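Written below as structure tokens is the structure these notes are about.
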Amino acid sequence: MSEIGRSILTKVFLKKLDEIQPSQLFISSGKLSRIMERFHPPTPEALTPIPVKALDNRVIFTDGHTRAFAAFLRGVSEIRVVWDEDELDWEAYRICVEWCETEGIYTIADLKDRVITPEEYEVLWLDRCREMHQELEKRRRG
């Protein structure tokens with residue numbers, strides 16, 4: 001059984017940060033500041049488990065990028081994760097992961113120069129995602 005297959009049997013487990021592929025291009029500085037204030041002591045147990053899913057035989061973040069980045073900044077190398085059981089738009093996640101790969105983002109550490117203001121985050125990330133979802137909906141409707 002693969003590592004991913006074995007891990008799925010466990011709800012919450014530890015995973016090395018550098019083994020999880022981000023699916024987001026930026027971190028909001030406002031959200032990061034709020035999380036950093038609450039992240040004491042800097043241990044894996046200090047954060048709520050972060051949701052992940054297996055996509056094309058690798059583990060990706062489905063949410064919690066800011067919490068994972070805060071862990072990275074605090075020097076934590078392993079975090080608690082949980083298999084995301086929500087139904088997700090896999091086509092959208094594949095696009096987001098492709099955007100990350102195109103930008104050279106393969107681990108949470110690769111976001112270190114991509115912490116931007118909340119206003120920039122709204123325009124550069126959230127608007128981009130909204131546009132992508134609108135395009136996917138148009139294409140799906142035919």
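The values are calculated or read from the model by the stated rules, or taken from the named source; none is laboratory data. Quick caveat: nothing in here was measured; it's all calculated off a predicted structure. Glycine gets a Cβ as well: all are built from the backbone with ideal geometry, and neighbour counts include every protein chain shown.
For region 1-17, name all the residues that are among the charged types (D, E, K, R), under 17 Å from the mean Cα position of the chain (by Cα) and either at pLDDT below 95 or buried (at least 18 other Cβ atoms within 10 Å of the Cβ) (or both).
Selection gives 15 alone.
In the list 123, 97, which residue meets the criterion of being over 14 Å from the mean Cα position of the chain (by Cα), at pLDDT 95 or above and among the aliphatic types (A, V, I, L, M)?
Just a single option satisfies the conditions, and that option is 123.
Take residues that are modelled with pLDDT of 95 or more, out of contact with any Phe, Trp or Tyr (no Cβ under 9 Å at 6 or more places or on another chain) and not β-branched (Val, Ile, Thr) and tell me which of the strands (runs of 3 or more DSSP E) falling wholly in region 48-93 contain 1 or more.
Counting at least 1 such residues, we get 58-61.
Could you list, in sequence order, the residues of region 18-47 that are modelled with pLDDT of 95 or more and under 18 Å from residue 81 (Cα atoms)?
18, 19, 20, 21, 22, 23, 24
Answer yes or no as to whether residue 62 is in contact with an Asp or Glu (Cβ under 6 Å, 6 or more places away or on another chain) and either farther than 11 Å from residue 17 by Cβ or buried (at least 18 other Cβ atoms within 10 Å of the Cβ) (or both).
Judged against the criteria, residue 62 is a match.
I'd like to know if region 114-126 contains one or more residues that are of a type in the set (Val, Ile, Thr), in a loop (DSSP other than H, G, I, E, B) and in contact with a strand residue (DSSP E or B) (Cβ under 9 Å, 6 or more places away or on another chain).
There is at least one residue in region 114-126 that is of a type in the set (Val, Ile, Thr), in a loop (DSSP other than H, G, I, E, B) and in contact with a strand residue (DSSP E or B) (Cβ under 9 Å, 6 or more places away or on another chain).
If you check every pair at least six apart or on different chains, which have Cβ atoms under 7 Å apart with a residue in region 122-141 that is surrounded by 10 or more Cβ atoms within 10 Å (Cβ to Cβ) first and a residue that is not in a helix (DSSP H, G or I) second?
Listed pairs, sorted by first residue: 124/26; 124/116; 125/24; 125/25; 125/26.
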